[in-house]
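Here is the structure we will look at, set down as structure tokens.
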Ligand code: UTP
């Protein structure tokens, strides 16, 4: 059982300056909901109710978002706009949120290691809220009309239950974009569920050095031995402690499965991806 979800949310979000000067990137809204709320909803859909959030300086708005605002509640009570708080109220009631600070921003791997104090010794999920994934219905088998409405994390938990090792979500990206991602090489394990046993991983490779175009997106299930590995992991690409390097140590023992998820992902850490997500959700929600 995966009971906890870690949200590394300490990054500076420099691609969104000046918006992210005093506002956390994770609080930027797609329509009316901040990115991190979509992530928490995806975790809840996967049966997880314990949220562990790694924050940093200037990120207090995240804590306030997942808390009650008494003045606002008082102001809005009984009015026509009260329903706008329904979803966030439900999350606050259903989930617990705990926080720790990454004191120095030394990379995603370091942020995940900072979360150890909130996770402990159990397998856990990781969501990077700036990768926004939809769980809108996807036709899996048009002949039989089978439809999958599961979120990406739900799908990954099913894969974890089968393999009991770390799982990374992957998607094929254009070859000229491999330098934005961790990229894997692997052996196909099961064609029907699109799983690969990872044999190699490279962080942000030049297209000419990339082993494949199968890129890791911001969803992971990690076994807790990752913390000991991260403690020993030296800074890699860009001088940051990379989760890809730590996962490679697990992959060398055959302990990482890559899963080609069903659904759609928007890279909301980039302006292009953010605009695409906004358009997509606007069109999906029109008329609601
Ligand atoms: P990014 O690579 O998107 O970096 O981090 P960033 O700082 O958020 O954004 P840019 O590139 O400057 O625009 C991927 C994820 O890892 C987290 C980020 O918050 C984001 O969710 N992260 C990254 C940390 O929590 N700590 C770090 O030191 C680095």
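Nothing in this text is a laboratory measurement; each read-out follows from the coordinates by a stated rule. Please read all numbers here as calculations on a predicted model, not as lab measurements. Ideal geometry is used to build each Cβ from the backbone, glycine not excepted, and the neighbour counts take in all protein chains shown.
Things to note:
- Two-site FRET efficiency, residue 237 against residue 19, from Cβ-Cβ distance with R₀ of 35 Å, rounded to 0.05: 0.85
- Taking every DSSP helix (H) stretch of at least 4 residues in the chain, weighting each as -39,500 (n - 2.57) and dividing the sum by the residue count yields a mean residue ellipticity at 222 nm of -8500 deg cm²/dmol.
- In range of the label at residue 76: residues from region 17-43 whose backbone nitrogen is under 18 Å from the point 7 Å along Cα→Cβ: 27-41
- Proxy reagent accessibility, fewest Cβ within 10 Å first, across 32, 178, 223: 32, 223, 178
- Model label points for residue 253 and residue 162, set 7 angstrom from Cα along the Cα-to-Cβ axis, are 2.3 nm apart.
- Centre separation in Å (Cα based) which lies between region 23-92 and region 200-263: 30
- Residue separation of residue 199 and residue 285 scaled by 0.36 nm, minus their Cα-Cα distance, works out to 26.9 nm of gained length.
- Residues 80, 69, ranked from the fewest to the most other C-beta atoms within 10 Å, line up as 80, 69.
- Virtual paramagnetic centre 7 Å along Cα→Cβ of residue 57, amide N under 18 Å, in region 225-246: none
- For the chain, averaging the sequence separation of C-alpha pairs within contact (under 8 Å, six or more residues apart) and dividing by the residue count gives a relative contact order of 22 percent.
- Taking all pairs of distinct alpha-carbon atoms in region 1-134, Kirkwood radius in angstrom: 15.5
- Residue with peak Gaussian network fluctuation, the chain [Cα springs, cutoff 10 Å], from 272, 179, 130: 272
- Helix 35-45 and the longest principal axis of the Cα set of the chain meet at an angle near 80°.
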